[in-house]
Amino acid sequence: MAALPVDEFDIALTTTPRVDRYARITVRQALYSVPARLIEQTVRAKLGAEELVVLHGSSEVARHPRLTTKGGQHLVLDHYLEAWPANRARYVARRRWSTHGRRAGSPPPTTRSGPLPAPNTVTRPARGC
């Protein structure tokens, strides 16, 4: 008698969750990341005993270890890197002019109604007074 083929029987739970605006899907009350290009689309998730496989069409887009805690999250940084601004130099330049990283001699930050007010300065009495 011949052995049964192992690949023929798939016992994984298959669901079709929708990708939220944070590029995550929810399967059995656990959150898993997917590539950002799939935001607002429906994917197919196969939940096995040890891992979750996410498919879009016939291609695999993500693979995560199965989470057993309610509300747990497994996020992969690579899924979010494609959402990074295409022109990184412009992003870095914008950050350079922020209030936290201003250099000496740079113009002060402004709003539509004019310059921002000066920060409150608190003077403390010297010790021993």
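How many residues does region 29-58 contain that are at pLDDT below 95, among the charged types (D, E, K, R) and either touching a Gly at 6+ places or on another chain (Cβ under 6 Å) or surrounded by 15 or more Cβ atoms within 10 Å (Cβ to Cβ) (or both)?
Final tally of qualifying residues: 0.
Scan region 7-39 residue by residue and report those that are assigned to a loop (DSSP other than H, G, I, E, B) and touching a strand residue (DSSP E or B) at 6+ places or on another chain (Cβ under 7 Å).
Once the filter is applied, which keeps residues that are assigned to a loop (DSSP other than H, G, I, E, B) and touching a strand residue (DSSP E or B) at 6+ places or on another chain (Cβ under 7 Å), region 7-39 yields Ala12, Thr16, Pro17, Val19, Ala23, Arg28, Val34, Pro35.
Could you say whether any residue in region 67-85 is loosely packed, with under 10 Cβ neighbours inside 10 Å, of a type in the set (S, T, N, Q), at pLDDT 90 or above and assigned to a loop (DSSP other than H, G, I, E, B)?
yes
Considering each residue of region 57-80, count those that are more than 20 Å from Ala12 (Cβ to Cβ) and of a type in the set (Ser, Thr, Tyr), and give that number.
1
The values are calculated or read from the model by the stated rules, or taken from the named source; none is laboratory data. This structure is a prediction, so every number in the text was calculated from the model and none was measured. In this analysis, Cβ positions are derived from the backbone assuming ideal geometry, glycine residues included, and neighbour counts consider all displayed protein chains.
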